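Reviewing the structure listed below.
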Amino acid sequence: MYLCNFKSKGNMRLKADNHNNTNHKGKMNTPNNPRLDNQEKKNVYVETYGCQMNFADSEIFGSILLKEGYTMVDQVEQSDYVLINTCAIRDNAEQRIRKRLRELRALQRQRPWMHVGILGCMAERLKTQLLEEEENVSFVVGPDAYRKLPSIMKQVKGGVKAAATELSDKETYDDIDPVRLNGNGISAYISIMRGCQNYCAYCVVPYTRGLERSRNPQTIVEEARFLCNEGYKEITLLGQNVNSYRWEHEGAVVGFPQLLAMVAEVSPRLRVRFATSHPKDLSDELLHTMARYDNICKSIHLPVQSGSERMLKLMNRKYTPQWYLNRIEAIRTILPDCSISTDVIAGFCTETEEDHQATLEMFRTVRYDSAFMFKFSMRPDTFAARHLEDDVPEEVKIRRLEEIIALQNQLSLENNQQCIGHTYEVLVEGASRRSKEQLFGRTSQNKVVVFDRGSHQPGEYLKVMVKECSSATLKGVVVTEE
Ligand code: SAH
Ligand code: SF4
Ligand code: F3S
């Protein structure tokens, strides 16, 4: 699942976590303290863009840096290093980073010792080219090279530009305990696999994230147990294709359904979610595992990309609309209360009006609960860039995207209306954005519910009856406390 959809942008500042940062207290440098300024310049400010995997990665390199004596600050004005963890999925994701770099120039003039580093997928895609193009960037580090970050940062301190962008087919950072930065103390991500080699024709990820590899299941379960003991109530297992997870070791194989069961058994009070699932690997075994455990959330994100058979073939998605609909059928049969969300691309190369109609038809048939909807953006080096033409005019892409959005808004509203009068178990996450007097939480189906605060606290499980809704949110009243 991608955090930046066409409307909302994902952006996170990382704050130091007290638990992991106790050794570094008192090291906070401020510009008003020249003695410290001249001594150690180890304040790091992190900005994260892109998908959940990037957010999880920031917690990994955050942990690596804390161990090396760096301090995380939540004000860019206090930083000696600005680390921008970037996304390359669409052109506008990269343009946004370029704009951010221009904004940072003024601050760099005030703090000439400050270094800006580009991390993540844009760093991997452009490598040292980015150092040449962006004068104020001192270093680039790709997603598989975060262990090198401390040494790269030492190099740039000495006045040289530096890069570490080699991809690995083994790195899973499984020995690193991510520092839980800026979290709510209730839900956390656990990366369980990295990379992708599906080579969808439009997609840059195989080039920025390298080959698919799965992490040792024991370390995943230990991380879940640790989080549970720390008081976390929900974990989300992450991977580009999370359900393709497969760990093979000395003849033994652990697939995704087994792993999911192992994690669900950590505690019945720990909710387990996962994203993103690839339709080709959505097995009945996985659905039956979900059915067996109440604490595995009944919500599946299953990107369809297009409803047209011809488009799916051209996109190299490895399934047909019939296969996809068969998987939807299986979800509806085995997990009748499961919500389904998706990703879709409007205006991929050669897409005709008929193909577009097939996508709308797919949406009407599946009746998704929600969707991330995108306009096709040609990415360098992909199959599409090498062999196809970006031939759908911009205004046609926009119109098709708008049609999909309008349809999905209608479907989201109708699906939410079905919830009225029903009671759901809700995990409270925090104060509602609109009013401090209200809290919000999520149902197992990943629907946001808002209700009066009363004496309730984030982290509680409550039973909430839904009274009204919009296309985005449910509103309800607490009916019983557990
Ligand atoms: N691994 C996941 C998705 C990862 S990228 C999967 O295969 O489903 C998140 C979403 O971005 C994709 O599902 C796709 O809808 C969208 N996307 C990827 N490349 C794109 C491009 N070049 N233009 C527009 N949208 C794109
Ligand atoms: Fe990209 Fe396809 Fe891999 Fe998803 S499965 S990350 S869309 S190449
Ligand atoms: Fe994620 Fe964007 Fe990279 S979607 S994997 S951060 S290209």
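Of note:
- In segment 180-206, residue farthest from PHE376 (Cα to Cα) [restricted to those that are among the polar types (S, T, N, Q) and more than 9 Å from ligand 2 (Cβ to nearest atom)]: ASN184
- If you go through segment 284-304 and keep only what is part of a loop (DSSP other than H, G, I, E, B) and free of Cβ contacts under 8 Å to residues at least 40 places away in the same chain, you end up with TYR293, ASP294, ASN295.
- Tally of residues being of a type in the set (Gly, Ala, Ser) and within 23 Å of the chain's Cα centre (by Cα) across segment 65-99: 2
- Filter result (open to solvent by 40 Å² or more (accessible area, probe 1.4 Å), farther than 13 Å from ALA406 by Cα and within 15 Å of ligand 1 (Cβ to nearest atom)) within segment 344-376: THR350, LYS375
- Scanning segment 462-471 for residues that are closer than 17 Å to VAL428 by Cα and under 27 Å from the mean Cα position of the chain (by Cα) turns up just one, LEU462.
- Look at segment 216-241: where a residue is within 18 Å of ARG269 (Cβ to Cβ) and a partner is part of a loop (DSSP other than H, G, I, E, B) and within 16 Å of ligand 3 (Cβ to nearest atom), sitting 6+ places away or on another chain with Cβ atoms under 6 Å, you get LEU237/ILE192.
- Pairs where the first residue, in segment 421-440, is closer than 14 Å to THR480 by Cβ and free of Cβ contacts under 8 Å to residues at least 60 places away in the same chain and the second is surrounded by fewer than 18 Cβ atoms within 10 Å (Cβ to Cβ) and of a type in the set (Phe, Trp, Tyr), C-beta under 6 Å, 6+ apart: GLU425/TYR461
- Pick from segment 206-218, criterion within 21 Å of PHE256 (Cα to Cα) and out of contact with any Ser or Thr (no Cβ under 8 Å at 6 or more places or on another chain), ranking: farthest from ligand 1 (Cβ to nearest atom): GLN218
- Residue that is nearest to MET122 (Cα to Cα) [pool: residues in segment 207-228 that are more than 16 Å from ligand 2 (Cβ to nearest atom) and either in a loop (DSSP other than H, G, I, E, B) or of a type in the set (Val, Ile, Thr) (or both)]: ARG215
- Candidate set: segment 219-257, residues that are within 19 Å of the chain's Cα centre (by Cα) and of a type in the set (D, E, K, R); chosen: the one farthest from ligand 1 (Cβ to nearest atom): LYS233
- Residue, farthest from the chain's Cα centre (by Cα), within segment 428-461, restricted to residues that are within 23 Å of ALA371 (Cβ to Cβ) and not in a loop (DSSP other than H, G, I, E, B): VAL450
- Residue match in segment 52-64 (condition: without any contact (Cβ under 8 Å) to a residue 60 or more places away in the chain and either part of a loop (DSSP other than H, G, I, E, B) or within 16 Å of ligand 2 (Cβ to nearest atom) (or both)): no
- Selection from segment 179-205 of residues that are within 16 Å of ligand 1 (Cβ to nearest atom), farther than 19 Å from ARG317 by Cα and open to solvent by 10 Å² or more (accessible area, probe 1.4 Å): TYR189, SER191
- VAL272 vs. criteria assigned to a loop (DSSP other than H, G, I, E, B) and away from ligand 3 (no atom under 16 Å from the Cβ): no
Per-residue answers, yes or no, for (1) of a type in the set (Asp, Glu); (2) under 30 Å from ILE405 (Cα atoms); (3) modelled with pLDDT under 95:
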| site | (1), (2), (3) |
| --- | --- |
| ALA16 | no, no, yes |
| PRO34 | no, no, yes |
| GLU47 | yes, yes, no |
| ASN54 | no, yes, no |
| SER58 | no, no, no |
| LEU66 | no, no, no |
| ASP74 | yes, no, yes |
| ARG96 | no, yes, no |
| VAL116 | no, no, no |
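- Number of the exception - LEU286 against (1) under 25 Å from TYR199 (Cα atoms); (2) open to solvent by 30 Å² or more (accessible area, probe 1.4 Å): (2)
- Whichever residue in segment 334-370 is within 16 Å of ligand 3 (Cβ to nearest atom) and not polar (S, T, N, Q) and, among such residues, is farthest from HIS301 (Cα to Cα): ILE345
The values are calculated or read from the model by the stated rules, or taken from the named source; none is laboratory data. None of the values given here were measured: they were computed from a predicted structure. Please note: Cβ atoms are built from the backbone with ideal geometry, for glycine as well, and neighbour counts cover all protein chains shown. Note: areas computed on protein heavy atoms with side chains; ligands, DNA, RNA excluded. Shrake-Rupley method; radii C 1.70, N 1.55, O 1.52, S 1.80 Å.
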